Amino acid sequence: MSIFQSDQFKSAMTEVVQKCLQPLEEKMEKRLRRLEKIYNDKADRKEEEVNLFWPAERAKLRNVKITLPVFSCNTTTDLKKVLKEVGIKEQAFVHQAHFQLNQSGVNVPHVPSEDASFEIIEHQDDNEKPIEFVANRPFMFMLTKSNHVMYLGWYQ
């Protein structure tokens, strides 16, 4: 029998391996506990609110001449899968949204016309030349009422 097969050698090697692995196991346990704490903290916290108005709230008032294209968006979304994930079983549930922007304002069938007009904010600074903004590339837009997003879309 060789020395490598003896119980004494196996016992000694097991002890050496355990001593080498112990710091690694302790590090892994600490990391696991840290991850569990992070996960539990997030689970305990309510879903954080996303503030879509943050850029506008931080912006400085400036005179801007805006040129927007005339366009319309029609979207159809099947919500059956989403509803099923939250426990609602429906045969079919389809959401349709229509949005049209033209010279007279915004036309959205499910939003009253007085709520869908352009808001002109007067800000006069005689020393300041208006910035010209031509929306000739893709952009995101929102139709809002009382800080609630009624329609969110993407023009491209």
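Here, each number is a calculation from the coordinates, and none is a lab measurement. As the structure is a prediction and not an experimental result, all values here were calculated from the model. Cβ sites come from the backbone with ideal geometry, for glycine too, and all protein chains shown count toward neighbours.
So here's what we get for this one:
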| item | result |
| --- | --- |
| Above-threshold pairs, the threshold being 32 Å between Cα atoms, out of LYS30/LYS80; LYS81/LYS145; LYS84/LYS145 | LYS30/LYS80 |
| Neighbour-count ranking [beta-carbon atoms within 10 angstrom, fewest first] of LEU52, LEU143 | LEU52, LEU143 |
| Residues whose placed amide H lies under 5 Å from that of ASN63, excluding near-sequence neighbours | ILE131 |
| Long-range amide H partners of THR144 with built H, under 5 Å | MET150 |
| Built amide H within the under 5 Å cut-off of PHE93, gap 5+ | LEU79, LYS80 |
| Packing-based exposure ordering (other Cβ within 10 Å, fewest first) of SER146, SER72 | SER146, SER72 |
